[in-house]
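Following: one structure in structure tokens, then a few remarks.
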Amino acid sequence: MLQNPELHYLDNAATTIVAPEVADVIDKAMREHWANPSSLYAPGARSEEALNAARAAVARTLGCKSRELYFTSCGSESNNMALLGAALTRRFGKGIVVSGFEHPSVQKPLERLAAMGYDVTVVNPGPDGTLDIDRMLDHVDKNTILVACMMVNNEVGTRNDVERLAAEVKRRNSRTIVHVDAVQAWMRVPIKLANIDTLAVSGHKIHAPKGIGALYLSDSLYQAFQAPYLGGEQEREKRPGTENLPYALGLAAAATRLNKTMKSRDAAVRALNLRLREGLKAFPEVVINSPDNAVPEVLNFSENCIKSETMLAHLAQQQVYVSSASACGRGQPSHTLAAMGRDPLAIDTAIRVSFCADNTPEDVDAFLNTFEDGMKHLQRIKK
């Protein structure tokens, strides 16, 4: 997908490069489907028909009904909409249970709800980056209105058993809303929506553009769900505002494209992950932070001797692009590694490499060669 063979992009958990065929769909839609889908004349009707087709295509990849799929601007908006809406929807209690290594778009809304008097219980992952589902379930009772847990952690790649969590939550309290942030999981791992009420996905993680995402909202919750927005009647009155039709079509094109190749892409990315792990064994300072059950797209490690920003700058000089934590943190220390109990040195020297199927062994080798040069020549932290 990259035109420049000297550029090695390994930060796909932050964003992916838009696929050319997806860009072509968007360009065509901007020229042909310019009318407002809510307009009653013929061009508007054609836009509405195209929007419905896009919705159906995305819904198929999630295994839900078209009417349960709501277009949003991104995964962060979908998370906010679901979480704040849950608080408006459920009035029988104040209890909220959430994992301790969620994305900021889950953390921040729940911090606001805590300030409003909700009882938010945070369950941190273990030192190995895995989450104890039973510990989360221990906090679910008759007053629990919401349980939130991401399917795949964006920093270390942990694959959480949200399917089991959702089923057990419903056994304990059938009225508890279960929300899942699946932004890093969609098109990487199979998604089963049984017992899940709301689920967020994002376009720019699957080679669609930034500015488009979706929220799954179960039919069983639709009538009661109080969205935190006011406005027009778009998106079944749950998300007002004129729909971004070209990007919705782009999202559908990207999802349809990737939905056909999940198994082959998984095998290709696992090979790249293994190649990187083998290469890192040459550096005794390196400690892998990603757990054994992590998705192969993400490998997080600490080199424990050179500050992340120093190493990242060195890598970038050779057009090798990785990150140290979530891009939404804008350079802040990793809250995920802190929740795992990693020491400050490990956090300050953490690097996240994240793959997509367009990456090659040459990308991994370029990273390892430049990383080796940095380990030899960059200034080390004084202990």
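Ranking Thr61, Thr310, Leu193 by Cα position along the charge dipole of the chain, where only Lys, Arg, Asp and Glu carry charges on their C-beta atoms, puts Leu193 farthest toward the positive end. If you average the sequence gap of Cα pairs under 8 Å that are 6 or more apart and divide by the length of the chain, what percent do you get for the contact order? Here the relative contact order equals 23 percent. The residue among Gln184, Leu165, Pro125 whose Cα reaches farthest toward the positive pole of the charge dipole of the stretch 124-190, with charges on the beta-carbon of Lys, Arg, Asp and Glu, is Leu165. State whether the chain is rounded, prolate or oblate according to the following rule on the C-alpha gyration tensor (a ≥ b ≥ c being the square roots of its eigenvalues): a/c under 1.5 gives rounded; otherwise a/b larger than b/c gives prolate, and the remaining case gives oblate. Oblate shape, in that a/c is at least 1.5 and b/c is the bigger or equal ratio. Surface exposure of the stretch 275-319, expressed per residue as accessible area with a 1.4 Å probe, stands at 43 Å². Rolling a 1.4 Å probe over the protein heavy atoms leaves Ser73 with an accessible area of roughly 40 Å².
Here each label is just a point 7 Å from Cα along the line to Cβ, and for Glu237 and Asp292 those points are 5.2 nm apart.
Once the chain from Arg164 to Asp219 is taken as fully extended at 0.36 nm per residue, the excess over their C-alpha distance is 17.7 nm. Residues Arg164, Arg91, sorted by accessible area with the largest first, give Arg91, Arg164 [1.4 Å probe; ligands and nucleic acids excluded].
Restricting the count to DSSP beta bridges whose residues both fall in the stretch 73-160, what percent are antiparallel, rounded to a multiple of 5? For the stretch 73-160, the DSSP antiparallel bridge percentage is about 10.
Enumerate the helices in the chain for which the Kyte-Doolittle hydropathy averages -0.5 or more and the C-alpha atoms extend at least 30 Å along the helix's axis, using complete DSSP H runs. Membrane-span-like by this criterion, though nothing is claimed about a membrane: 42-62. Here the dipole of the chain is about 800 debye; that uses its Cα centre as origin and unit charges on the Cβ of Lys and Arg (positive) and Asp and Glu (negative).
Between the amide H of Gly213 and those of Thr72, Ser73, Cys74, Gly203, distances stay under 5 Å, these residues lying 5 or more places away or on another chain, with hydrogens modeled in the peptide plane. Placing R0 at 22 angstrom, the Cβ-Cβ distance between Ala23 and Arg270 gives a FRET efficiency of 0.20 after rounding to 0.05. Of the residues Trp186, Trp34, ranked by 1.4 Å probe accessible area with the largest first, the sequence reads Trp34, Trp186. Among Arg265, Arg172, Arg159, Arg352, the order of accessible area from largest down is Arg172, Arg159, Arg265, Arg352, computed with a 1.4 Å probe on protein heavy atoms.
Each peptide among 357-364, 217-224 gets the average number of other Cβ atoms lying within 10 Å of its residues, and from highest to lowest they stand as 357-364, 217-224.
The values are calculated or read from the model by the stated rules, or taken from the named source; none is laboratory data. All of these numbers come straight from a predicted model, not from anything done at the bench. Positions of Cβ are generated from backbone atoms using ideal geometry, with glycine treated the same way; all protein chains shown enter the neighbour counts. To get the accessible areas, we keep the full protein, side chains included, count just its heavy atoms, and leave off ligands, DNA and RNA. Shrake-Rupley method; radii C 1.70, N 1.55, O 1.52, S 1.80 Å.
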